[in-house]
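First up is the structure itself, then whatever we jot down about it.
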Amino acid sequence: MNTHRLIINCFATALLLLLVGCHNTGNSIYISSPDNTLQLHFTLSDDGAPQYSLAKAGKTILLPSAMGLQTETTDLSTGFQWLDCQTAAHDETWETTWGEERYIRNYHKQLTVQLKHSSGTRMDIEFRLFNDGFAFRYIFPDNQADTMIVRKELTEYVFAQTPEAWSIPWRTEYYEALWQKAPICEKDTTCSPITLELQNGMYAFLHEAALVDYPAENFYYSGDTIRTFLTPWSNGVAAYKTAPWQTPWRFLTLTDDLQGLMASRIMLNLNEPCKIADTSWIKPMKFIGIWWGMHLKQMTWWNGPKHGATTETMKRYIDFAADNGFGGVLAEGWNVGWGSWDGPHPEEQFSFVTPYSDYDIDYLADYAHQRGVQIIFHHETGGDAANYENQLDTAYCYIEQYGMHAVKTGYVAPYINYAEGKQYNRSQVGIRHYRKVIETAARHHVAIDNHEPVMPTGLQRTYPNLMTQEGIRGQEWNAWSQDGGSPAEHVTVLPFTRMLAGPADYTPGVFNFANPIQPGTRVHATLANQLGLFVVMYSPLQMACDLPENYLLYPDAFRFVTEVPCDWEQSRLLDGAIGDYIIMARQDRNTTNWYIGAVNDETAREVTIDWSFLPSGTYDVTLWQDAADAEWQNNPYALDITDFQLRIKRGKAELTNGNISLPLSIRMASGGGFAITVKERD
Ligand code: NOJ
């Protein structure tokens, strides 16, 4: 990457920072969003308790809500004295290394209130007001020597009216659950994030950004109040911190419609700019892998008669990838240690530098380079993070030495074994571990697809080698889940919930719905739905999950998989309703082509495409849609493919060739969907 691009990429293209003294009346101050629609009111009560409330266009959204922390020794939610405050305005546009769009505007107003506690502790609260939401964090400046033992965070959000929330329970292993909607007064403890439907028709997304060296947050509920619960160490402590330090940002996106919610980039804006000087080796790509065969129980991870990652199979997959334009091949089960994975050698430990004897890594790496394909390494730790950390540097040197740039990591175990003992991966210990892995990988030019992660919080802005993560009930559940597989509705909920926290390795693209070894479980989708997912589920490392031989069964459908990109110039929600359906349009980052993907729940429906998002021009359009008699259960493969040509002038579409009528109405089957390529004519 040249220096010019680097500067644009990692720093602001325009920056306006004005520091202004506060006009506060005693212990109270207002701050508005740049467009003045959101107004935040901060007060310090008579007993020195910090509180904030929020209004949008004059309507109260949040009533006075408590702030602060409880440490081992001090209640930092009351007893403060107001020292000073500053306001600032900020407007910059920065370029993403990869993403759902190339340019992101970071436009907000800032308020910093400086407080002093009766115990002597200094605490600042920094607020940022965006047009589409607000954020705050607690800062403990550099003037206090002792380690602070954080027991609790006391941040709350008191809603003026009861919203409904989409959430998953906080104990959900690896965040792999079906999201459920209920009024918040009926919720128990949930993970962060949650997506809220407000009574006045607005939508909100509550989450945290820039989670560094601090536990992941969760929420618990009482009436219309949402409270914060930090994932503890095994001894009950939330965090050990030494000043200077700050909490992650707590943010609430608040928009009038789902389009606004999907377009909000508050979380990324709250993260630090890119810290990797040369990002040229970080390349978005589609990949295939020796993977689905294991989940279907046709192959094993460990060495044996059904071993998946053999030299021969890997060579065949590399050829298939090269022939069909995939950038990489994932090889799970390439390394020694899987005997402990309900295989024949429970005493084995994972080695991240020792291939199985039937996997010739030297030969395969050479062959992959010849064919222009990356081998994606796999580091399943089985939850033994201590064993992984002991090998970390060598393991990443090993990948680098083969000229490869990607790894999928995994932590399958409810509690993780760290040097500090068994802990939640979402505790401060786990957060530190993931950070260490990301930074080590970056030093060795390796990008990460992190499975069993902590919920993403936008760290990919700072470390764009953290390309994608799991933390989602992904496609694999449709291979082995005892409940028969995820209902069709699931993929119409995820884009508005989990996916707002960042890219997910959902692994779209099942082409063969038969599941001979576990016939009670299957994908609740049609072929057209599986195509639509490639656009709907954003991931810059996008895995087409099925076996190569299955892709060859439907070459016409497979054409879309080979053509669709995974790095975008811009993205738009065209239409959708949480839990019903979604239609996403995205423009390729490297051409003027657009790609549209849609997925549907169990209820067949007709939708209409509004083409006004397209710039004026003439486009060749191909539509892959459910045939009239398609439906996921009995007729999932029935697919119609239609070509036509459109001329767009000032947002109006005119048909110039083809056998369709405008406006274009598309039927989505039960569990169905569609995919469209829109290619501009020269
Ligand atoms: C769970 C991951 O989600 C899956 O993708 C992987 O194949 C297995 N663990 C083994 O690492």
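Can you divide the C-alpha Rg of the stretch 481-534 by 2.2 N^0.38 Å and report the result to two decimal places?
In units of the 2.2 N^0.38 Å rule of thumb, it is 1.20.
Would you work out the charge dipole size for the chain about its Cα centre, treating the Cβ of every Lys and Arg as +1 and the Cβ of every Asp and Glu as -1, and quote it to the nearest 20 debye?
1180
Quickly work out the Val412-to-Asp366 label distance, labels modelled 7 Å from Cα along the C-beta direction, and quote it in nm with one decimal.
A separation of 3.3 nm, rounded to one decimal place.
Do any of Lys283/Lys679; Lys408/Lys679; Lys275/Lys422 go past 25 Å between their Cα atoms, and which?
Pairs exceeding the cut-off: Lys408/Lys679; Lys275/Lys422.
Among Gln81, Gly308, His490, which residue has its Cα furthest toward the positive end of the charge dipole of the chain, with +1 on Lys/Arg Cβ and -1 on Asp/Glu Cβ?
Gln81
Please report the Cα spread of the chain along all three principal axes, rounded to whole Å, starting with the longest.
Over the chain, Cα extents along the principal axes are 72, 65, 52 Å.
Please name whichever of Gly458, Gln542, Val429 sits farthest to the positive end of the charge dipole of the chain, dipole taken about the Cα centre and charges placed at Cβ: Lys and Arg +1, Asp and Glu -1.
Value computed over the given set: Gly458.
Which FRET efficiency, nearest 0.05, do Leu552 and Gln199 yield, Cβ-Cβ r, R0 56 Å?
Working: r = 51 Å, r/R0 = 0.92.
E(calc), rounded to 0.05, equals 0.60.
Which Cα, out of Leu662, Val599, Ile582, lies furthest along the positive dipole direction of the stretch 571-682 (beta carbon charges, K/R +1, D/E -1)?
Projecting each Cα onto the dipole axis, the largest value belongs to Leu662.
Let me make sure I get this right: for the stretch 276-393, a, b and c are the square roots of the gyration tensor eigenvalues over alpha carbons, sorted descending. Under 1.5 in a/c it's rounded, otherwise prolate if a/b > b/c, else oblate. Which is it?
Taking the square roots of the gyration eigenvalues as a ≥ b ≥ c, the stretch 276-393 is oblate.
Placing +1 at every Lys and Arg Cβ and -1 at every Asp and Glu Cβ, with all other atoms neutral, what dipole size does the stretch 70-113 have around its Cα centre, in debye to the nearest 20?
Dipole of the stretch 70-113, to the nearest 20 debye: 140 debye.
Just check the stretch 238-293 against the gyration tensor rule for me: Cα atoms, a ≥ b ≥ c as the square roots of the eigenvalues, rounded for a/c under 1.5, and otherwise prolate or oblate depending on whether a/b exceeds b/c.
Values: a/c = 1.82, a/b = 1.23, b/c = 1.48.
Note, shape of the stretch 238-293 comes out oblate.
Tell me the Kirkwood hydrodynamic radius of the stretch 451-494 in angstroms, computed as one over the mean inverse distance between distinct C-alpha pairs.
Mean inverse Cα-Cα distance, inverted, gives 12.2 Å.
Which of rounded, prolate, oblate describes the stretch 137-271, given a ≥ b ≥ c as roots of the alpha-carbon gyration tensor eigenvalues and a/c under 1.5 marking rounded, otherwise prolate only if a/b is larger than b/c?
Note, shape of the stretch 137-271 comes out prolate.
Which three extents, in angstrom, do the Cα atoms of the stretch 397-476 have along their principal axes, listed largest first?
Sorted from largest, the Cα extents of the stretch 397-476 read 34, 32, 24 Å.
Let's see if you can work this out: charge +1 on each Lys and Arg Cβ, -1 on each Asp and Glu Cβ, no other charges. What is the dipole magnitude of the stretch 71-226 about its Cα centre, in debye to the nearest 20?
Charge dipole, the stretch 71-226, about its Cα centre: 260 debye, nearest 20.
With θ set to phi - 60° and the Karplus curve 6.51 cos²θ - 1.76 cosθ + 1.60, what are the ³J(HN,Hα) couplings of the stretch 525-541 in order, to the nearest whole Hz, using x for Gly and Pro?
Once θ is set to phi - 60°, the couplings for the stretch 525-541 become 7, 9, 4, 4, 4, 5, 5, x, 4, 4, 9, 5, 8, 6, 7, x, 10 Hz.
Output the Kirkwood hydrodynamic radius of the stretch 196-353, Cα pairs only, in Å rounded to one decimal.
20.9
Each reported figure results from applying straightforward, stated rules to the coordinates on display, with no laboratory input. What you see is a predicted model; the values in this text were computed from it and never measured. All Cβ positions, glycine included, derive from the backbone under ideal geometry; neighbour counts span all protein chains shown.
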